[in-house]
Amino acid sequence: MLARRTTNGPFRPGPVRREHQHLLMRVAQAAPSHFNSQPWRFVLIEDPRTIETVAEISGQSMTELIEAGVFFERYRRYFRFTEAEMEQRRDGIHIDHLPGPLRPFTRQIFSDAGLRLMRQLGVPKKLGEDNRKLVAGSPLLLAALLDKSEYRPGELSGFYSVFGLGAAVENIWNAVGALGMGIQFVSTPMEIPRQWRRLQELLHVPDDLELMAVYRLGYLPEEGKRPSIDWSSRHRKSLAQFVSRETCGVPEQE
């Protein structure tokens, strides 16, 4: 669990073995759920045509989010630009890999002026194409859904369902490393409602299920090329920052 990683780079091109796919489904199934309701549903996607369509939607979403500045505005508070900043905050992501023309402007890159520069340099389209290639080169996609008879937002059942799906996905995330595999959210379509609806239509999601997330999976190469803009996020908060003893007012000491 402490060795868990998220894969930002490409996978090997070969298919994921069927027994490994089923093993991941079994470890997901082993997760706890309220009254053993097992509200999760999964779709395993290997058809290259479907994967290519998901990739196009994901790449288009990335370009649109970067071009409009929505992505940076929404998540700017998580960006860190130096190791010292990461050591102090111990959360967020360290932006430590940028295209050459942007490196002199690292700290300003997510400002309004930086965004204008990125547009001039064609960075949104480049990032969108990088994203498309990553998804398109993934031999396996995994869609995670919830049964709406259990998933009722605003009720405790809704919380229990999301909690259970989170546990199931975390089991998958922890298991892929033992199989020489990696996993990553295909997250950008989730940011744009109309693109998310396109995915739902593509996967023929019925009315009684809610599409919650899509992931890309595959076997890891020996060494992977980093995306144009990349980050590291291995820092974790100290115990005193997130654990208390007896009451909320007494931070736990290391």
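The values are calculated or read from the model by the stated rules, or taken from the named source; none is laboratory data. This is a predicted model, so every value here is computed, not measured. Glycine also receives a Cβ, built like all others from the backbone with ideal geometry; neighbour counts cover every protein chain displayed. Keep in mind that these areas ignore ligands, DNA and RNA; they rest on the heavy atoms of the full protein, side chains included. Shrake-Rupley method; radii C 1.70, N 1.55, O 1.52, S 1.80 Å.
At a probe radius of 1.4 angstrom, the accessible area of the chain per residue rounds to 57 square angstrom.
At 222 nm, what value in deg cm²/dmol follows for the chain if DSSP H runs of at least 4 each add -39500 (n - 2.57) and the sum is divided by all its residues, to the nearest 500? Let's see the in-between values first.
Working: 9 runs with 104 residues, N = 254.
When only DSSP H runs of four or more count, the value is -12500 deg cm²/dmol.
Taking 0.36 nm per residue of sequence separation and removing the Cα-Cα distance, the ARG76/LYS133 pair yields an extension gain of 18.0 nm. Shown here are the Rg and Dmax of the Cα trace of the range 1-95, at 18.6, 46 Å. If the chain linking ARG90 and GLU19 were pulled fully straight, counting 0.36 nm for each residue of separation and taking away their Cα-Cα distance, it would gain 21.8 nm. Per-atom-type breakdown for the chain gives carbon and sulfur 54% of the accessible area (1.4 Å probe, protein chains only). With contacts taken as Cα pairs under 8 Å at a separation of at least 6 residues, the chain carries a relative contact order of 35 percent. Here is the list for the range 6-93: trypsin sites (Lys or Arg not before Pro) lying in DSSP coil, each with at most 16 other C-beta atoms within 10 angstrom of its C-beta, are ARG17, ARG90.
Both radii are taken from the alpha-carbon atoms of the chain; with Rh as the Kirkwood radius, Rg/Rh is 0.98.
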